[in-house]
Amino acid sequence: QVQLVESGGGLVQPGGSLRLSCVASGFTFRNYEMSWYRQAPGKERELVADITSSGGIISYLDSVSGRFTISRDDAKNTVCLQVDSLKPEDTAVYYCNAPAIGYWGQGTQVTVSS
């Protein structure tokens with residue numbers, strides 16, 4: 001019954017921002033590390049950011065460091081990724097994941113284009 005539902009993606013211009021959200025259910029969200037991944041066309045899925053169960057930052061992908069911010073709201077079973085100063089190379093489907101659980105949602109598309 002694990003579900004991860006990503007939302008918040010869209011088409012934005014370079015330099016724009018989005019706030020991606022992932023609502024989780026089917027497990028005790030507050031006890032789990034959460035991560036954001038992305039996959040661009042023709043490329044492998046890559047880890048973008050991850051956060052501990054208590055809200056501490058584990059890591060950011062080097063290419064997004066300083067532009068993206070991961071956060072969580074345990075009261076809402078939600079992990080967010082604020083994506084700022086977007087570049088065309090950020091275009092990808094973004095997924096959230098609980099590494100210890102291993103289930104994936106459908107992802108949310110971020111397209112950065114003029």
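So the values come out like this:
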{"read-out": "Residue tally, condition hydroxyl-bearing (Ser, Thr, Tyr), open to solvent by 50 Å² or more (accessible area, probe 1.4 Å) and within 15 Å of the chain's Cα centre (by Cα), over the stretch 82-114", "value": "1"}
{"read-out": "Ser54 in contact (Cβ under 8 Å) with a residue 40 or more places away in the chain and more than 14 Å from the chain's Cα centre (by Cα)", "value": "no"}
{"read-out": "Test for Val79: is it of a type outside the set (Phe, Trp, Tyr), free of Cβ contacts under 8 Å to residues at least 60 places away in the same chain and open to solvent by 60 Å² or more (accessible area, probe 1.4 Å)", "value": "no"}
{"read-out": "Single condition Asp62 does not satisfy, out of (1) touching a residue at least 12 places away in the same chain (Cβ under 8 Å); (2) outside any strand (DSSP E or B); (3) of a type in the set (D, E, K, R)", "value": "(1)"}
{"read-out": "Answer from Gly16, Gly42 - the residue that is outside any strand (DSSP E or B), surrounded by 13 or more Cβ atoms within 10 Å (Cβ to Cβ) and not hydroxyl-bearing (Ser, Thr, Tyr)", "value": "Gly16"}
{"read-out": "In the stretch 70-94, the residues that are among the polar types (S, T, N, Q) and more than 14 Å from Met34 (Cα to Cα)", "value": "Gln82, Ser85, Thr91"}
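The values are calculated or read from the model by the stated rules, or taken from the named source; none is laboratory data. Just so we're clear, the structure is a prediction, and the values are computed from it rather than from any experiment. Virtual Cβ from ideal backbone geometry, glycine too; neighbours counted across all protein chains shown. Accessible surface is based on the protein model in full, side chains and every heavy atom, while ligands, DNA and RNA are left aside. Shrake-Rupley method; radii C 1.70, N 1.55, O 1.52, S 1.80 Å.
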